[in-house]
1. Please work out which one of (1) in contact with a helix residue (DSSP H, G or I) (Cβ under 9 Å, 6 or more places away or on another chain); (2) over 26 Å from L122 (Cβ atoms); (3) not charged (D, E, K, R) is the condition V83 fails and give its number.
2. I'd like the full set of residues that are polar (S, T, N, Q), farther than 24 Å from D146 by Cβ and in contact (Cβ under 8 Å) with a residue 24 or more places away in the chain, limited to the stretch 1-33.
3. Sort out which residues of the stretch 54-75 are acidic (D, E) and open to solvent by less than 60 Å² (accessible area, probe 1.4 Å), and write them in order of number.
4. Would you confirm whether or not the stretch 144-156 contains a residue that is in contact with a strand residue (DSSP E or B) (Cβ under 7 Å, 6 or more places away or on another chain) and modelled with pLDDT under 85?
5. What pairs can you find where one residue is in the stretch 48-76 and modelled with pLDDT under 90, the other is outside any helix (DSSP H, G or I) and polar (S, T, N, Q), and their Cβ atoms are less than 6 Å apart, with a gap of 6+ or different chains?
Amino acid sequence: MGEIEDAIVRADQEAFTKAPPKTLKGRINFLLKQLGTTRAVAAELGVSQRSVERYRKGDRKTPPRRVTDRIEAAVRARWQPVVRGRRRKEAATSTGITVETRARFGYTAPVGTTDDGRVRRLTVHLPPAYARRLFDARARGAADHDLRAIVAEGLQEIYFRDGGTRADQLRVEFTDIDYFDVSF
């Protein structure tokens with residue numbers, strides 16, 4: 001996953017209204033409820049069915065770190081999908097997203113103006129249209145550079161062009177991302 005995809009996943013997980021189960025037994029029981037059988041949970045986690053049964057009964061309380069990480073990821077991916085979906089829909093239709101980044105911004109501008117790229121730290125609220133495009137592209141499985149192009153276009157329009165009131169020929173290039181975060 002790229003920077004943009006990771007940031008969207010983090011923002012998605014912040015939408016939880018209730019914390020996921022903390023104990024190993026609670027997480028395994030949640031996964032059992034979601035997937036139906038210990039065999040399905042075992043296949044999801046890449047462990048034996050017997051290991052899942054031991055985790056569920058509490059006979060084994062500390063799985064290897066890689067298995068713990070897989071359990072955590074599986075629970076987070078399935079935890080409160082309705083709440084996360086509602087937050088994404090709201091961002092795409094009414095509230096928009098806020099992008100915070102530190103990256104190099106290069107420019108293509110008319111003759112006589114500076115086009116030297118430089119590192120900037122920006123926090124910009126993008127309208128719902130850009131959120132919708134970003135979520136739709138992510139759902140289609142778009143590559144990170146495609147997601148980056150959508151964000152760059154939004155930053156170009158809202159921040160650099162000030163909503164169309166200045167620099168109408170300016171083209172922004174969004175490269176060398178040092179930090180990227182999104183919230184909705």
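The values are calculated or read from the model by the stated rules, or taken from the named source; none is laboratory data. For clarity, every value in this text was computed on a predicted model and none was experimentally measured. No Cβ is skipped: glycine too gets one built from the backbone with ideal geometry, and neighbour counts run over all protein chains shown. Only protein heavy atoms, including side chains, enter the accessible area calculation; ligands, DNA and RNA are left aside. Shrake-Rupley method; radii C 1.70, N 1.55, O 1.52, S 1.80 Å.
1. Of (1) in contact with a helix residue (DSSP H, G or I) (Cβ under 9 Å, 6 or more places away or on another chain); (2) over 26 Å from L122 (Cβ atoms); (3) not charged (D, E, K, R), only one is false for V83: (1).
2. Across the stretch 1-33, the qualifying residues are T17, N29.
3. Initially, the stretch 54-75 is screened for residues acidic (D, E), giving 59, 69, 72.
Result: E72, single match.
4. Our first condition is that a residue be in contact with a strand residue (DSSP E or B) (Cβ under 7 Å, 6 or more places away or on another chain); within the stretch 144-156, this holds for 148, 151-152, 154-156.
After this cut, where a residue has to be modelled with pLDDT under 85 as well, the list is none.
The answer is no, given that none of the residues of the stretch 144-156 is in contact with a strand residue (DSSP E or B) (Cβ under 7 Å, 6 or more places away or on another chain) and modelled with pLDDT under 85.
5. Matching pairs, first to second residue: none at all.
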